[in-house]
Amino acid sequence: MSVDRSPDEVLEEAARRFAPRIALALGFGREGCVLLDMIARASLPIRVFTLDTGLLLPETYALWRRLEERTGIPIEAVRPGQTIEQQAEAEGESLWARQPDRCCELRKLVPLGRALAGLDAWVTAIRREQTRERANAAQVERDERHGLVKVNPLAAWTAADVASYVTRHGVPTNPLHDRGYESIGCLPCTTPVLPGEDPRAGRWRGAPKTECGLHLPTRIANQQETERNAP
C-alpha cells in the first residue's frame, strides 16, 4: 500500500512529469481554492479551468474574480455547447429538476471531456472522506474514462486539514460556506446543509443523486450510462 505524500509534493511531481499538458479543474470549493493557492505559491506550470455551467451562484462568480486577482492565474471558462435558453428549447424547461443526470451530462460532463482533450493529466480537489464513491481515490491514479492520469493531491486530507490551511494562509473561499452551504454547485441544485446532515445533503436535495458524475469510478459511471440509455 502506497504512503500518502503532502499535497505540495504531489503537485510538484505532477508538474514536472506532465507540464504543459496538465490542468487543475477548479470547482471553487474550499479544496480547490487551497490547490490554486498551492500552485500559485510554488509558481507551478499547471493550467486552471472551471466548468462554467451558466448556473453558478453570484457568490461563486465573485470568488472567481477575486482568486484571479489574488493569484495572477487566469481561470479559463469551459462552457456547454448550449445556453440555458437553448437547452430549454431542446430538452424542456428546468431540466435540472426533471432529469438532473442529463443536465449534468450536458453542462458538465461533455464540456469536461472537451477540456481534458489533449491533456496527459488533470488535477482534482476530491478527498476520500467526501463520498463513498471517492473513498478509494489515490493521490495519483489512472483515469480510464478519459484516458489520462488523475491527480488528487488532497485525497488523504480531512475537512479539518483544509480548514487549517485556509486559515493559515488566508485563502479566499466562498462566503456561502459560512451560511450553511457545505458543497456548492449550480444555483438550482444547491441548498444549505442542516445541522447533523451529511455535507453533501444540500446537493440535488430530495433526489438520490450525490455526484454530478465528474469523479465517479469507471465501473459506476458505465453502469449509470447504461441505465440512462435503457429503453
Cα lying deepest toward the dipole's positive end in region 1-157, options T83, W122, F49, charges on Cβ:
W122
Who wins for biggest fluctuation among A23, A117, A201 in a Gaussian network model of the chain, springs between alpha carbons below 10 Å?
A117
Per the helix-only calculation at 222 nm, which mean residue ellipticity applies to the chain, given -39500 (n - 2.57) for every DSSP H run of n ≥ 4 and division by its residues, nearest 500 deg cm²/dmol?
-11000 deg cm²/dmol
Would you calculate the separation in nanometres between label points at S94 and S6, each defined as 7 Å from the Cα along the Cα-to-beta-carbon direction?
5.0
Relative to the longest principal Cα axis of the chain, at what angle does helix 58-71 sit, 0 to 90 degrees, rounded to 10?
20
Nearest 10 degrees, 0 to 90: helix 218-229 Cα axis against the chain principal axis
20
To the nearest 20 debye, what is the magnitude of the charge dipole of the chain about its Cα centre, counting +1 on the Cβ of each Lys and Arg and -1 on the Cβ of each Asp and Glu?
160
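Counting residues in the chain as N, plug N into 2.2 N^0.38 Å and put the Cα Rg over that result. Could the numbers behind the result be given before it?
Working: Rg = 17.1 Å, N = 231, 2.2 N^0.38 = 17.4 Å.
It is 0.98.
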Could you give the angle, 0 to 90 degrees to the nearest 10, between helix 30-42's Cα long axis and the longest principal axis of the Cα atoms of the chain?
40
Across H146, H177, H169, the residue with the highest GNM fluctuation in the chain (Cα network, 10 Å cutoff) is H169
Ignoring solvent entirely, what values of log10 I(q)/I(0) come out of the Debye formula for region 71-127 at 0.14, 0.26 Å⁻¹ when each Cα is a single scatterer?
-0.51, -1.08
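FYI, it's all coordinate maths here, none of it is from the lab. Here the structure is a predicted model, which is why all the values come from computation and not from measurement. Every residue, glycine as well, gets a Cβ built from its backbone with ideal geometry; the counts of neighbours run over all protein chains shown.
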